[in-house]
Amino acid sequence: MIENNNVFMSSNNRSFRKAPMAAALLLAAGVSSPVMAEVSFESDNGWKAGFNGHIPIFAVFGNYDEPTDEDSFTITTGFNPATLQTNIYAPTQNGLEVSGHFQMNANIAPGDANTEFRSRVSEIAVAGDFGKVNIGKGFGIYGVPAIGDNGSALGVGLIGGPDQVAATAGRIGNGYFYANFTPRVMYTSNSLGGLQFKVGLFSPSKVDGVTDAEYTMPRIEANVVYSGDNFSLWSSGFTQDVDSKTGTFDDYTMSGIDFGGSVSLGGLSVRGNYGITQGTGNGVFAARLDPNEEDASQWYVETTYQINRTTLGVSYGEGEDDIVAGDSNDTDLTMLFARYAATDHLTLMAEYTTLGTGDGQGEYDAIIFGSQLTF
């Protein structure tokens, strides 16, 4: 044991406790993932600290047909950026387990000047017999179970274009609406015979470029998940009012609901999700709002099969909206992927992704090879 300012770290034996944030996302999504090991420190007065994360690296060979005919090679992160999460646990007092969670994220880009560092998570968690309350910035609620698809979790999915250097989009816009990381106060119930629910008050999303809009009430999000030994069913929803300060546009409410489920039989797993929204964009959930847009919908189906340390998968999904007349704004994304767990912490990956769209929306095919260290 090494002593440093009354803090102890095991140099040979690490405490393999799943970090609360990471574990919560994996459990909600039902995702199979490499073993997550939280390296833990503990003081002699009961304080604990640990860190965990992952580093994904992908080589992407893309052939882009629209809007220009172009071939491209790039090395980038995938759907998940490189992530380091720090977790701090206070001594349990009065039946309350209080912890703090801070996450740093980085994309991979050519040159130091283009590397993007940011924080997706910065929050306090308070747990007890009543359940758990999260206060601060963290993952949303609407759409969270749907984001647990294996194709995105350890893959690339939707690519922004030939010059993509940031984290990619997975199935965002082509299968599900992205929950995003937002300031909120969120309550999570304890499991009630396999049934668990979440509800939260969120900072409202802003309408891009609309100075007349005002947001007097929080966005409300909620979901419910029922899990058994080899299956999971879920539904989630949200609502948010957008008002005009001077009456230049009619006040409106954006909203959404989705339904999904997953089932596993031996090494075979199938999952799917369908969601509809009104008054929002069809990409990142509630990030680009347009009061002239009517409806949007997305769905996907994914099948995976695990053979020892190898996982094979195929996934297909579509996204459509009414922001443009006709079907020119509709998209569909196909993902074929293979994963091999070289060790409990190093995963090797291969993926083929093809995007089909309406006219001028950026059709492409991509062959992708990658690896991820999970710690």
Accessible area of Phe130 in the full protein assembly, 1.4 Å probe (Å², nearest 10): 90
Solvent-accessible surface (1.4 angstrom probe) belonging to Thr182, in square angstrom, nearest 10: 20
Label-point separation in nm, Ile367 to Lys206, each point 7 Å along Cα→Cβ: 4.4
Chain lengthening between Tyr305 and Asp71 when straightened (0.36 nm per residue, less Cα-Cα): 81.1 nm
Out-of-range pairs (alpha-carbon distance over 25 Å; input Lys48/Lys137; Lys137/Lys206; Lys132/Lys206): Lys132/Lys206
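In whole percent, how big is the carbon plus sulfur part of the accessible area of the range 38-138, probe 1.4 Å, protein atoms only?
Of all accessible area on the range 38-138, carbon and sulfur atoms account for 58 percent.
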Under the Karplus curve 6.51 cos²θ - 1.76 cosθ + 1.60, θ = phi - 60°, whole-Hz ³J(HN,Hα) for the range 301-317, x wherever Gly or Pro sits: 9, 9, 10, 10, 9, 9, 10, 6, 9, 10, 10, 10, x, 9, 9, 9, x
Residue-by-residue Karplus 3J(HN,Hα) for the range 184-197, coefficients 6.51, -1.76, 1.60, Hz, glycine and proline x: 6, 10, 10, 10, 10, 6, 5, 5, 10, x, x, 9, 9, 9
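The values are calculated or read from the model by the stated rules, or taken from the named source; none is laboratory data. From a predicted model like this one, the values you see are computed outputs, not experimental measurements. Ideal geometry is used to build each Cβ from the backbone, glycine not excepted, and the neighbour counts take in all protein chains shown. Only protein heavy atoms, including side chains, enter the accessible area calculation; ligands, DNA and RNA are left aside. Shrake-Rupley method; radii C 1.70, N 1.55, O 1.52, S 1.80 Å.
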